[in-house]
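Enquirer: Attaching a single structure in structure tokens format; questions to follow.
The values are calculated or read from the model by the stated rules, or taken from the named source; none is laboratory data. Given the structure is predicted, the values throughout are model-derived calculations rather than measurements. Using ideal geometry, Cβ is built from the backbone for each residue, glycine included, and neighbour counts are taken over all protein chains shown. To get the accessible areas, we keep the full protein, side chains included, count just its heavy atoms, and leave off ligands, DNA and RNA. Shrake-Rupley method; radii C 1.70, N 1.55, O 1.52, S 1.80 Å.
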Amino acid sequence: MLESARSSHLCRPVAIALAGAFLAIAPTAQTVVAKPQPETVQGQAIVIDGDTLEIDGERVRLEGIDAPEASQTCGRRLIGWWNCGSAASKALEHLVEGRRIECRSQGVDRYDRLLGICYAGGEDINAAMVRQGLAWAFVKYSKTYAAVEAEARDARAGIWQGDAEPAWIYREKRWQTAETAAPDGCAIKGNITGNGQIYHMPWSPWYGKVKVDAARGERWFCSESDAQTAGWRPAASP
């Protein structure tokens, strides 16, 4: 009896050590395997909006800048308004058209998009958008382009020629308005078209026209990540 107890006592540390080693390497139900992200992506680029590209199926959000949304208008120098959101998308198209683009990873955002500083023939595209006054320096996340923004502001280029609401404020206001009218506060509209399953954010140019028909399989989403996880993709800029 004593010998048996002594053997049990001696074996317990070994058993605990082995169990610990197993737990250290064994996957659990809560283990999350992060999607591997490339250090760079290269190739021909498709413009999604004024600060987002798609290269070889990889969605790239231009790091450190925030362009006007597609539906956004900005004040002119003297009187009236202009479609600054549409102008931003067209300017980005001009910068990437027919050129091989290289985007260097700066990490990922909460929607699992690559955050990139992108170049065309050595030109920093992110900086070019800010310099033309077609994007703000997104200083909440990066101050990389703050000095370039100061130059654009002094030159009264683009968005700096008159009144212009920063894109992040524009989005916030439209989200709050849409949220109050949407079922359960889920303000993103999932629409099925001939091009597949598309979702529209409250600041999308088509948002007011899109009707969600549950009978057709259309639905509302509470977040972009929910929509993307379900296999829906964002509407591109007009």
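Enquirer: Around R59, which amide H atoms from residues at least 5 apart in sequence, or from another chain, sit under 5 Å from its own amide H, with H modelled in the peptide plane?
Expert: Residues meeting the criterion, in which the H sits 1.01 Å from N, are L114.
Enquirer: Going by amide H atoms built from the backbone, whose H comes under 5 Å of the H on V108, apart from near neighbours?
Expert: L115
Enquirer: Let me ask another. Take the alpha-carbon centre of the stretch 56-116, take the same for the stretch 162-238, and report the distance between them in whole Å.
Expert: The distance from the Cα centre of the stretch 56-116 to that of the stretch 162-238 comes to 18 Å.
Enquirer: Probe of 1.4 angstrom, ligands and nucleic acids ignored: what's the accessible area per residue over the stretch 160-230, in square angstrom?
Expert: Averaged over the residues of the stretch 160-230, the accessible area is 56 Å².
Enquirer: Counting only heavy atoms of protein chains, what accessible area per residue, in Å², does the stretch 54-101 have with a probe of 1.4 Å?
Expert: With all protein chains present, the stretch 54-101 gives 49 Å² per residue.
Enquirer: Another question about this same structure. Would you mind computing the Rg to Rh ratio of the stretch 39-148 from its alpha-carbon coordinates, Kirkwood style for Rh?
Expert: For the stretch 39-148, the value is 0.97.
Enquirer: Ordered by packing density, taken as the mean number of other Cβ atoms within 10 Å over each peptide's residues, highest first, how do 147-159, 75-87 rank?
Expert: 147-159, 75-87
Enquirer: Can you pull out the GluC sites (Glu not before Pro) in the stretch 63-112 that DSSP calls coil and that have at most 14 other Cβ atoms within 10 Å?
Expert: Qualifying residues, ordered by number: E97.
Enquirer: Short version: ³J(HN,Hα) in whole Hz for each residue of the stretch 222-231, in order, from phi by Karplus 6.51 cos²θ - 1.76 cosθ + 1.60 (θ = phi - 60°), x for Gly and Pro, what are they?
Expert: Each residue of the stretch 222-231 in turn: 8, 8, 4, 4, 4, 5, 5, 5, 7, x Hz.
Enquirer: Using a probe of 1.4 angstrom, how much of the accessible area of the stretch 120-238 is carbon and sulfur, in percent?
Expert: Working: 3140 of 6270 Å².
Reported share for carbon and sulfur atoms: 50 percent.
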